[in-house]
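Participant: Attaching a single structure in structure tokens format; questions to follow.
The values are calculated or read from the model by the stated rules, or taken from the named source; none is laboratory data. All values reported here derive from a predicted model rather than from experimental measurement. In this analysis, Cβ positions are derived from the backbone assuming ideal geometry, glycine residues included, and neighbour counts consider all displayed protein chains.
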Amino acid sequence: MASWVRKLEVPRTSEVNRWINYDIRPVETARRTWGYLSFHNYWLLINTNISTYLTGSALIPLGLTWWQALICIIIGQLLAMMFVILNSLPGAYYNIGFPVVNRMVWGMWGSQFVIWNRIFLSLVWYGFTAWIGGECVYVMLQSWDPNLEDHIPNHMPADTGMTTAQFVAYIVFSLLSLPVVWIRPHRLQKFFYFASSVTIIFFFVLLIWALATMGSSGFGDTIRNATDISQTGGPDSVAWLMVYGVISTLGSIAAGILNQNDYARFATAPKHAIVGQALPFPIYGIICSVIGILVTAATQNRLGGEAVWNPPTLFSQLIAQNPSPGTRAGAFFAGLALTISQIGVNVPGNALSGGFDLAATFPRYINIRRGAYITAVFSVIVNPWKLVNTATTFLTVLSSYSIFLGPMTGLMVASYLVISKRKINVDDLYRGDRTSIYWFTAGFNWRAAVAWMVGFAPLMPGFIAAVNTSATVSSGATELYYLSYLYGFCASGLVFILLHRLLPAPNFDAFVRNSMSAEGAQMYYKEKWDDIQYEDGGVITGEDKQEDIVMTGKA
């Protein structure tokens, strides 16, 4: 049995230290391959896709006009960009990922709480995105056979919300994604170039087609310049709904903000992670949202006045209306482009996220590649076909989940910038005993738990009312919930700082107060870990002290 278990161990891992393997160690120079263009293409894929396209569907139905929704989207994307950059700094400067950074926030064992939250979100988002990808494949199959449902007998129960043909398309998309999952993060550049080029060309062609073929019918009522809602006074007013729209836009990317260190650590230089995200992130998020609003409005009247927000549904209806060779050919290439786009967002944004977190949780048996495949396979347990039946409602619920993620992000930013003063003892992040300054109390930093609860607990009444529309809460609770991400981020960060000031952790505090500067710490640990090399049999290094740190967890 012991021999069989050893065969399951991943190569290039420590024989003794359970806190490290090759994929979660600080990234050495050879794997720091993400320059400006890599981050640009990454955010083009992450922010130019069907989920971002649907942003307007969560705002305009509230009663906001198109231009009010646009203001919310712009402000929300700019705020999200700011949080992305702030939370990328530990990864960019110390080349460590999200699970490892959280060891210095929550403690060596306490970090598991945050990691498992992110694993859960990776499963949910991978399943949801894969099902939408299956809808794109379905459009391609439908373009070949407009009577697809008649030729693939349906054996699915009605309460599943899907047909056999739709499930087949989902399986096809999932299989198409698997080869891309195999690619390691530092070698994704070529795929990024290809997928991002296809994605941006498609969405602009879609916009041009929608506007050029709109005809005299013009835009539908999706684009309207007036609203019957009162401008101020309570949570149902335009003012508060716009606040909610801003936070909803921000919350929809909250999971990506939380673990951005996983990608920033591959930056060739810190400036690439900072500047490479500052412009592409908001620009593509805003552009794709605007395209979604314009295309929906431009196609509304030709579809009988129905506002069809989901692109695969739009193309399926166009085939049903006019199954001519030209329509079917256009739908096929649209489905193909959308399939590539969905793979481009799902693999790096969700599969790899799950891979990073699982590798940090079980470093002896799981690396990024194995973790990514586990995420892909087990995402089916979230029943994505049920989630997509009400895509707009699902996105609202997922953005509501940001009440938990905003405080987590606030803790990470406060810990790095204020409490740690940008100084990280990288060695101690891989040392799982009392000798680590991040051991705190039995491996848990109780200060983080208290600060996190302060950040989300007051928001729970509003969260419950948002998820369960039959529940009623006070106007004040609703308005506080509308500020959820900002409140949680600021409240948790501030309380965390105060707790560390009033009740400091002695060993941790001594390291922060020593004479080494932040710049000195960054240079020292970057050079130190660059000297540690890996081979398939384990770790090799010319410095005994470094080998001791990696292999045994003790300096």
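Participant: Under 6 Å by Cβ, and 6 or more places apart or on different chains, what pairs join a residue from the stretch 104-120 that is over 18 Å from Arg434 (Cβ atoms) with one that is of a type in the set (Gly, Ala, Ser) and part of a helix (DSSP H, G or I)?
Facilitator: Every condition considered, the pairs that remain are Val105/Ser415; Val105/Ala448; Ile119/Gly354.
Participant: Pick from Leu250, Leu258, Leu241: which is surrounded by 15 or more Cβ atoms within 10 Å (Cβ to Cβ), over 21 Å from the mean Cα position of the chain (by Cα) and aliphatic (A, V, I, L, M)?
Facilitator: Testing whether each residue is surrounded by 15 or more Cβ atoms within 10 Å (Cβ to Cβ), over 21 Å from the mean Cα position of the chain (by Cα) and aliphatic (A, V, I, L, M) leaves just Leu241.
Participant: With the condition being in contact with a Pro (Cβ under 8 Å, 6 or more places away or on another chain) and modelled with pLDDT of 95 or more, I'd like the helices (runs of 4 or more DSSP H) fully within the stretch 447-522 carrying at least 3 qualifying residues.
Facilitator: Qualifying helices (runs of 4 or more DSSP H): 484-502.
Participant: Right, something else. So, of the residues in the stretch 144-179 that are assigned to a loop (DSSP other than H, G, I, E, B) and among the hydrophobic types (A, V, I, L, M, F, W, C), which turns out to be farthest from Gly127 (Cα to Cα)?
Facilitator: Here the residue is Ile152.
Participant: Moving on. All but one of (1) over 27 Å from Gln300 (Cα atoms); (2) in a helix (DSSP H, G or I) hold for Ser216; which doesn't?
Facilitator: Only one criterion is unmet by Ser216, namely (1).
Participant: Kindly evaluate Thr160 against the criterion of being surrounded by fewer than 18 Cβ atoms within 10 Å (Cβ to Cβ), in contact (Cβ under 8 Å) with a residue 12 or more places away in the chain and β-branched (Val, Ile, Thr).
Facilitator: Criteria met by Thr160.
Participant: Being closer than 30 Å to Val246 by Cα and out of contact with any Ser or Thr (no Cβ under 8 Å at 6 or more places or on another chain) narrows it down to one residue among Ser484, Ser475; which is it?
Facilitator: Matching residue, one of Ser484, Ser475: Ser475.
Participant: Only one residue in Ala471, Ala510 is loosely packed, with under 14 Cβ neighbours inside 10 Å, within 28 Å of Val101 (Cβ to Cβ), out of contact with any Phe, Trp or Tyr (no Cβ under 6 Å at 6 or more places or on another chain) and among the hydrophobic types (A, V, I, L, M, F, W, C), so which one is that?
Facilitator: After ruling out the rest, the residue left standing is Ala510.
Participant: Which residue pairs have Cβ atoms under 9 Å apart, sit 6 or more places apart or on different chains, and have a first residue in the stretch 408-425 that is part of a loop (DSSP other than H, G, I, E, B) and a second that is crowded, with 24+ Cβ neighbours inside 10 Å and of a type in the set (A, V, I, L, M, F, W, C)?
Facilitator: Ser420/Met104; Ile424/Ile96; Ile424/Val101; Ile424/Met104; Asn425/Met104
Participant: When residues of the stretch 266-280 are filtered for being outside any helix (DSSP H, G or I) and buried (at least 19 other Cβ atoms within 10 Å of the Cβ), how many remain?
Facilitator: 2
Participant: Which of the numbered conditions does Leu64 fail, given that it passes all the others? Conditions: (1) of a type in the set (A, V, I, L, M, F, W, C); (2) modelled with pLDDT of 85 or more; (3) part of a helix (DSSP H, G or I); (4) within 23 Å of Leu250 (Cβ to Cβ).
Facilitator: (3)
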